[in-house]
Every structure is written in structure tokens, then in C-alpha cells.
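Student: Structure incoming, see below.
What follows is calculated from the coordinates using simple rules that are stated; it is not laboratory data. Treat the numbers as computed from the prediction; the structure is a model and nothing was measured. All Cβ positions, glycine included, derive from the backbone under ideal geometry; neighbour counts span all protein chains shown.
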Amino acid sequence: MSSILALFQDYTFQTVALGSTLLGLISGVLGSFAVLRKQSLLGDGVSHSSLPGVVMAFVLLGSKNTEVLLLGALVSGLLATLLIVGIVRHTRVKFDSALALVMSVFFGLGLILLTYVQKIPNSNQAGLKRFIFGQASTLLKRDIDLMMICGLVLLILILLFWKEFKLVTFDSDFAQSLGFSPKKLNLLLSFMMVLAIIIGLQTVGVILMSAMLITPAVAARQWTNRLWVMVTLSALFGAVSSVAGTAVSSLVPKLPTGPAIVVCVSAIVVVSVLFAPGRGILHRLYRRRKNRILYKLEGSVPDGSAT
């Protein structure tokens with residue numbers, strides 16, 4: 001117990017935990033819209049597509065500042081998103097096929113560029129690989145400030161366009177009949193998800209970022225049919241699992257923070273899928289068995305009208 005109390009008083013742990021919590025909260029909010037719009041894989045595609053932007057920002061500007069690298073990742077992620085939308089809109093290629101195509105091309109290009117940079121003598125490229133698997137322990141106060149600013153902007157946009165996002169998520173045709181532009185709203189939501197993904201790359205990396213975006217929302221969806229409740233629960237699940245994963249990685253030697261957070265939030269999904277009322281597997285089995293027993297009891301009762 002004393003070790004846990006000492007851990008929460010450690011400045012490094014507080015910094016990493018705060019950054020991870022902000023990431024879990026932001027990812028949970030925006031991931032809810034991604035799940036409901038059936039675009040869960042968009043986070044995976046954008047996170048993988050951001051890798052060449054990170055490396056190109058380092059090559060062109062020669063700087064390893066987090067802000068510079070994340071700016072490159074943002075440009076690359078937005079370009080990938082626009083390519084996916086353009087392919088779906090102007091060709092007969094489906095969304096999942098377009099996403100797989102763009103994601104594989106961009107991620108492959110990023111790996112090629114990363115290999116090239118590593119072969120340049122005295123290029124000082126050390127640290128770029130942290131964006132592949134994540135390295136939350138490298139988070140600094142300025143990184144936390146950047147995450148707080150971006151997260152505040154995203155939450156304000158969610159509050160300002162709550163009704164519009166709700167309409168376009170559940171019934172885009174009705175939203176269009178009211179004078180809203182589903183295309184513009186979808187692009188705005190996609191841009192917001194890209195920004196949320198980019199600010200989380202340093203914490204969990206391009207490979208696991210999609211799990212941070214989608215998993216809390218999947219767990220929250222099992223408990224409710226109301227959007228605001230789902231968004232709140234998803235943000236809560238993301239924040240709690242981030243703190244728990246950070247604590248576990250700090251207590252267990254050589255355990256990376258990103259995977260620990262993903263395992264914690266995955267455990268929440270398992271509990272939700274099994275025990276959530278209404279949608280939970282065990283609850284449905286219990287209800288089915290109860291209905292079967294009632295049906296047998298009703299069938300065994302003699303019909304009084306026949307006498």
C-alpha cells in the first residue's frame with residue numbers, strides 16, 4: 001500500500017498519468033462517434049498513415065521537437081483521410097478497401113523512410129521509433145500542455161456541434177433536410193478524430209492508438225442506448241484504464257505503458273460484454289433461460305376452458 005501511495009506522489013508518474021488520462025478521455029469522447037458511424041477502422045488507418053509525416057518532418061526540418069513531429073503526423077493523417085474520402089466518393093471502391101489501401105501504402109512508406117533515416121550518418125534519428133510503439137515515459141510538461149489545449153478545443157467543438165453531430169450520426173438524410181451539410185460535418189468529425197489520434201501517438205504509438213479510440217466506446221455501448229450517456233461512460237472508461245495502465249506499468253519493471261493501458265481497457269470491454277444489462281452475454285442467457293422456463297410452465301398448466 002505504501003508503494004502505491006509513493007507512486008502517486010512521484011512527479012514522473014503524475015505527468016505520465018495526466019497525459020494518459022487526457023488521451024483516454026479525448027479518445028473516449030470521439031471514439032463514440034466513430035463506433036456509431038461504423039468507421040471504427042478509420043482510427044487504425046489514420047494512426048498508421050501518420051508515420052511518414054513524422055519521419056518527413058524530421059528529414060525536412062531536422063528537429064525532434066514533439067510539436068514539429070506531431071505537425072508532420074497531422075499533415076500526413078489529414079492527407080490519408082482526404083484520400084480515403086476521395087476514393088470512396090469518386091470510385092466504386094468501398095470504405096474498408098480504400099482504408100486498407102491507403103493505410104498499407106502510407107505505413108509502408110513510413111517504414112521505408114525510417115529505414116533510410118537510420119542509415120544516414122550522424123542524423124540523430126534516435127527517438128523516432130517511439131511513435132511506432134509509443135513511449136509514455138518520455139512525456140514532458142509541454143507535451144501535457146499541448147494535449148490539454150488540443151483536448152479543450154476538441155471538447156468545445158463537441159459541445160458546440162452536439163446536435164449537428166448527433167443528427168448526422170444517426171440520420172444524415174434528415175440532417176440534410178434541415179439544412180445541414182452532412183459532408184462538411186463528416187469532414188469536421190474526421191478532422192477532430194485525426195487530431196485526437198495525433199496527440200496520442202507519443203503515448204501509445206501508431207499501432208495501438210486505434211484501440212484507445214475504439215475500445216472505450218465499444219465498452220460504453222453495451223451499457224446504454226443514449227448518446228450522452230455513452231459518451232460520458234466512454235470518456236470515463238478511457239480515463240480510468242489510462243490511470244490503471246500507467247500504475248501497473250510503473251509497478252511492474254520493464255512493462256510498457258501503452259500496452260498496459262490497452263489491456264486494462266480491454267478488460268473493461270470483456271466485463272461489459274459479459275455482464276452489461278440488456279446486451280451482456282450472461283444477461284441474455286439468463287433471460288433466455290427464464291423465458292424457456294416460463295414457456296414450459298405455461299405449457300404444463302391445464303386449459304380450464306376444455307372442461
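Student: Once R0 is set to 25 Å, what does the formula 1/(1 + (r/R0)^6) return for the Cβ-Cβ distance between Val93 and Phe174, expressed as a FRET efficiency to the nearest 0.05? Can you show the working numbers first?
Tutor: Working: r = 27 Å, r/R0 = 1.09.
After rounding to 0.05, the efficiency reads 0.35.
Student: If you don't mind, another one. How about the stretch 206-307: which trypsin sites (Lys or Arg not before Pro) there lie in a loop by DSSP and see at most 12 other Cβ atoms within 10 Å? Display every interim value, and only then the final one.
Tutor: Working: sites: Arg221, Arg226, Lys254, Arg279, Arg284, Arg287, Arg288, Arg289, Lys290, Arg292, Lys296; in loops: Arg226, Lys254, Arg279.
Counting only loop positions with at most 12 other Cβ atoms within 10 Å, the trypsin sites (Lys or Arg not before Pro) in the stretch 206-307 are Arg226, Lys254.
Student: Another question about this same structure. Per residue of the chain, what 222 nm ellipticity follows from adding -39500 (n - 2.57) for every DSSP H run with n ≥ 4, rounded to the nearest 500? Intermediate values should be presented prior to the final figure.
Tutor: On the way: 15 runs with 244 residues, N = 307.
Computed ellipticity for the chain at 222 nm equals -26500 deg cm²/dmol.
Student: Next up: Tell me the angle of helix 51-61 to the major Cα principal axis of the chain, expressed in degrees between 0 and 90 and rounded to the nearest ten.
Tutor: Computed tilt is about 20 degrees.
Student: In what order do Trp223, Trp162 fall by count of nearby beta-carbon atoms within 10 Å, going from fewest to most?
Tutor: Least to most surrounded, the residues fall as Trp162, Trp223.
Student: What does the extension gain come out to for Arg288 and Gln14, with contour length at 0.36 nm per residue minus their alpha carbon separation?
Tutor: Details: separation 274, 0.36 × 274 = 98.64 nm, distance 4.68 nm.
In short, 94.0 nm is gained.
Student: Sorted by packing (mean other beta-carbon atoms within 10 Å per residue), highest first, where do 186-197, 134-145, 150-161 land?
Tutor: Values: 186-197: 22.0, 134-145: 16.8, 150-161: 14.8.
Ranked from most to least packed, the peptides come out as 186-197, 134-145, 150-161.
Student: Around Thr66, what is the net charge, scoring Lys/Arg as +1 and Asp/Glu as -1 over all other residues with Cβ under 9 Å from its Cβ? Intermediate results must be reported in sequence, preceding the final value.
Tutor: Numbers: positive: Lys64, Arg142; negative: Glu67, Asp143.
So the environment of Thr66 carries a net charge of 0.
Student: What size of dipole, in debye to the nearest 20, comes out for the chain about its Cα centre when the only charges are +1 on Lys and Arg C-beta atoms and -1 on Asp and Glu C-beta atoms?
Tutor: Working: 26 positive and 11 negative charges, 147 e Å.
Approximately 700 debye in magnitude.
Student: Once phi is turned into θ = phi - 60°, what whole-Hz ³J(HN,Hα) does the Karplus curve with 6.51, -1.76 and 1.60 give for every residue of the stretch 74-90, x standing for Gly and Pro?
Tutor: 5, 4, 5, x, 5, 4, 5, 5, 5, 5, 4, 4, x, 5, 5, 6, 10
Student: I'd like the Karplus ³J(HN,Hα) series for the stretch 236-245: coefficients 6.51, -1.76, 1.60, θ = phi - 60°, whole numbers in Hz, and an x wherever there's a Gly or Pro.
Tutor: Using θ = phi - 60°, the values come out as 5, 4, x, 5, 5, 5, 5, 5, 5, x Hz.
Student: Rounded, prolate or oblate: which fits the stretch 1-155, taking a ≥ b ≥ c as square roots of the Cα gyration tensor eigenvalues, rounded meaning a/c under 1.5, else prolate when a/b beats b/c? Mind dumping the intermediate values first?
Tutor: Working: a/c = 2.34, a/b = 1.27, b/c = 1.84.
Since a/c reaches 1.5 but b/c is at least a/b, the shape of the stretch 1-155 is classed as oblate.
Student: Nearest 10 degrees, 0 to 90: what angle lies between the long axis of helix 95-118 and the longest principal axis of the chain (Cα atoms)?
Tutor: Roughly 30 degrees between the two axes.
Student: So, one more: I'd like the distance separating the alpha-carbon centroids of the stretch 60-122 and the stretch 219-282, in whole Å.
Tutor: The two parts, judged by their Cα centres, are 29 Å apart.
Student: Additional query: For the chain, take the longest principal axis of its alpha carbons; what is the angle in degrees between that and the long axis of helix 141-160, to the nearest 10 within 0 to 90?
Tutor: 40
Student: Here's a follow-up. Over the chain, what is the relative contact order in percent, taking alpha-carbon pairs closer than 8 angstrom and at least six residues apart?
Tutor: Relative contact order comes out at 28 percent.
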